[in-house]
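Asker: A single structure is presented below for examination.
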Amino acid sequence: MLPALAAHPGGRDVRAVLVELDPALSGRARLAAEALGLPSVEVRTADAGDPVAYRDVVPVDVLLACGVFGNISPGDMRRTVAAFPSFLAPGGVVIWTRGRGDVAADPSAEVRACFVAEGFEELAFTAPDDAGFRVGMSRLATATATATATAGAATATGRLFAFR
């Protein structure tokens, strides 16, 4: 993501906050942002499952939830998606990933349904046959969701998820 941001004509103007619990990984991300000349990218060594880690930067236009849904319980996934409207500006977009796993039913179907149930419209979804991942892009669409986001950015309380 950081190289793509650095290559984009407006990339250096984008304010981004990355949250990573592992100090080694967050340190590498910090060094990469610096080396790519991205002064507005902040890397926090914090727990992304705790909304306090980023409450001060919401609402956001784009939220990345990559590498999360395949590593948390279905209940945590539902709770997290239900909280997303409170982190987004009206019309905000979530880009998410989900591993395919070794099961017959594609687990991304439940993620997609959860986004729709929470007032999102699906903008894109890709499920390469030769890959073990799925990528979705959903926009906050309903009037209820937009009002919720506008009224109380990041009002989610308590833990959203815990990695298994």
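The values are calculated or read from the model by the stated rules, or taken from the named source; none is laboratory data. These figures come from a predicted structure and were not determined experimentally. Here the Cβ is made from the backbone with ideal geometry for all residues, glycine too, and neighbour counts use every protein chain on show. Ligands, DNA and RNA are stripped out before the accessible areas are found, and what is left, the full protein with its side chains, is counted by its heavy atoms. Shrake-Rupley method; radii C 1.70, N 1.55, O 1.52, S 1.80 Å.
Asker: Exactly one of these conditions fails for R134: (1) open to solvent by less than 40 Å² (accessible area, probe 1.4 Å); (2) farther than 14 Å from V68 by Cβ. Give me its number.
Answerer: Of everything listed in (1) open to solvent by less than 40 Å² (accessible area, probe 1.4 Å); (2) farther than 14 Å from V68 by Cβ, R134 misses just condition (2).
Asker: Out of all the residues in segment 81-108, which are open to solvent by less than 20 Å² (accessible area, probe 1.4 Å) and touching a Cys at 6+ places or on another chain (Cβ under 9 Å)?
Answerer: V81, W96, listed by residue number.
Asker: Which residue, of A33, A65, is open to solvent by less than 20 Å² (accessible area, probe 1.4 Å), under 19 Å from A162 (Cβ atoms), hydrophobic (A, V, I, L, M, F, W, C) and touching a residue at least 24 places away in the same chain (Cβ under 8 Å)? Even if it seems obvious, please write down each step before you answer.
Answerer: Numbers: A33 fails: under 19 Å from A162 (Cβ atoms).
Unique residue meeting the criteria: A65.
Asker: Take segment 14-41 and flag every residue that is assigned to a helix (DSSP H, G or I) and touching a Leu at 6+ places or on another chain (Cβ under 8 Å).
Answerer: Selection gives S26, A29, A32, A33.
Asker: Give segment 79-118 a look and list any residue that's assigned to a loop (DSSP other than H, G, I, E, B) and at pLDDT 95 or above, or say none.
Answerer: Here is the first cut: in segment 79-118, the ones assigned to a loop (DSSP other than H, G, I, E, B) are 100-107, 118.
Across segment 79-118, the qualifying residue is only E118.
Asker: Quick one: which of V14, V58, V52 is buried (at least 18 other Cβ atoms within 10 Å of the Cβ) and within 21 Å of V94 (Cα to Cα)?
Answerer: V58
Asker: Would you check which residues across segment 119-131 are in a strand (DSSP E or B) and open to solvent by less than 30 Å² (accessible area, probe 1.4 Å) and list them?
Answerer: Answer for segment 119-131, where residues must be in a strand (DSSP E or B) and open to solvent by less than 30 Å² (accessible area, probe 1.4 Å): just F120.
Asker: Determine, yes or no, whether D47 is of a type in the set (D, E), in a loop (DSSP other than H, G, I, E, B) and either buried (at least 17 other Cβ atoms within 10 Å of the Cβ) or touching a Phe, Trp or Tyr at 6+ places or on another chain (Cβ under 8 Å) (or both).
Answerer: For D47, the condition - of a type in the set (D, E), in a loop (DSSP other than H, G, I, E, B) and either buried (at least 17 other Cβ atoms within 10 Å of the Cβ) or touching a Phe, Trp or Tyr at 6+ places or on another chain (Cβ under 8 Å) (or both) - is met.
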